[in-house]
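*Asks:* Input: one structure, supplied below.
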């Protein structure tokens with residue numbers, strides 16, 4: 001561990017990030033927005049998460065685990081100051097288990113992983129999760145779609161991530177069941193929403209719209225998609 005890791009070695013945040021390649025990110029939204037606009041939106045969301053979870057001095061170390069593994073050059077060009085690490089091969093569970101193992105192996109005593117498409121996430125949420133690990137073995141941030149936007153541990157628990165039906169509404173419930181079977185104490189953070197569908201965009205429009213002010217073409221594409229969907233459009237109640 002290098003001297004710069006010493007302070008943050010106690011607490012490490014991993015942000016799971018994809019290269020914003022059209023057609024490879026936000027595929028459900030791409031049906032309505034188009035592949036290019038969906039990729040642009042993903043970039044905006046990821047940059048929001050990175051900005052909002054930037055730690056103050058001594059709070060925690062932050063690593064960015066990126067995918068696909070061959071995107072290193074593009075990721076360094078996009079995030080030149082990021083502490084970048086390749087995600088391992090495998091499904092999401094295998095990649096998260098590996099990221100936890102690597103973070104603990106380099107000296108962390110508390111590790112959290114978050115996704116890159118939750119615009120309401122803040123560093124206060126991350127700090128709350130780390131603090132909760134003083135009394136819990138596992139901390140989960142429930143997402144509105146039945147998954148979770150944050151998972152935090154104080155030691156590796158690879159069994160939590162094995163043979164999970166990822167991207168389904170039962171992920172959170174399955175994780176709670178696995179934790180109970182292992183005798184783990186669990187705490188929850190307040191639920192937040194990751195943005196995967198037009199309904200999600202509409203529900204988070206108050207957070208999302210300010211992020212699009214400097215992107216008029218993208219804002220227009222999102223607004224058109226929302227207006228064309230069954231609910232009433234930006235700010236609507238569907």
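*Asks:* Cβ neighbours within 10 Å, averaged per peptide: list 171-182, 15-26 in order, most packed at the top.
*Replies:* The most tightly packed comes first, giving 15-26, 171-182.
*Asks:* Provide the descending list of Cα extents for the chain along its principal axes, expressed in whole angstroms.
*Replies:* Here the Cα extents, ordered largest to smallest, are 48, 39, 31 Å.
*Asks:* Separate question: Using only Cα atoms, find the angle between the long axis of helix 216-228 and the longest principal axis of the chain, and express it within 0 to 90 degrees, rounded to the nearest 10.
*Replies:* Relative to the chain, helix 216-228 is tipped by roughly 80 degrees.
*Asks:* Let me ask another. Kindly express, to the nearest 10 degrees and within the range 0 to 90, the angle between helix 171-181's C-alpha long axis and the longest C-alpha principal axis of the chain.
*Replies:* The angle comes out at about 20 degrees.
*Asks:* As I understand it, the value is the acute angle between the Cα axis of helix 123-132 and the longest principal axis of the Cα atoms of the chain; what does it come to in degrees, rounded to 10?
*Replies:* Result, in degrees: 30.
*Asks:* Same structure, new question: If you build a Gaussian network model of the chain, linking Cα atoms that sit under 10 Å apart, which residue out of 195, 184, 140 swings the most?
*Replies:* 184
*Asks:* Before rounding to the nearest 500, sum -39500 (n - 2.57) across all DSSP H runs of length at least 4 in the chain and divide by the residue total; then give [θ] at 222 nm in deg cm²/dmol.
*Replies:* Rounded to the nearest 500, it is -11500 deg cm²/dmol.
*Asks:* Shape of segment 61-195 from its Cα gyration tensor (a ≥ b ≥ c, root eigenvalues): rounded if a/c is under 1.5, otherwise prolate when a/b > b/c, or oblate?
*Replies:* Verdict is rounded for segment 61-195.
Every number here is computed from the coordinates shown, using simple stated rules; none is lab data. The shown structure was predicted, so the numbers you read here are calculated from the model rather than taken from an experiment. As a convention, Cβ positions derive from the backbone with ideal geometry for all residues, glycine included, and neighbour counts pool all protein chains shown.
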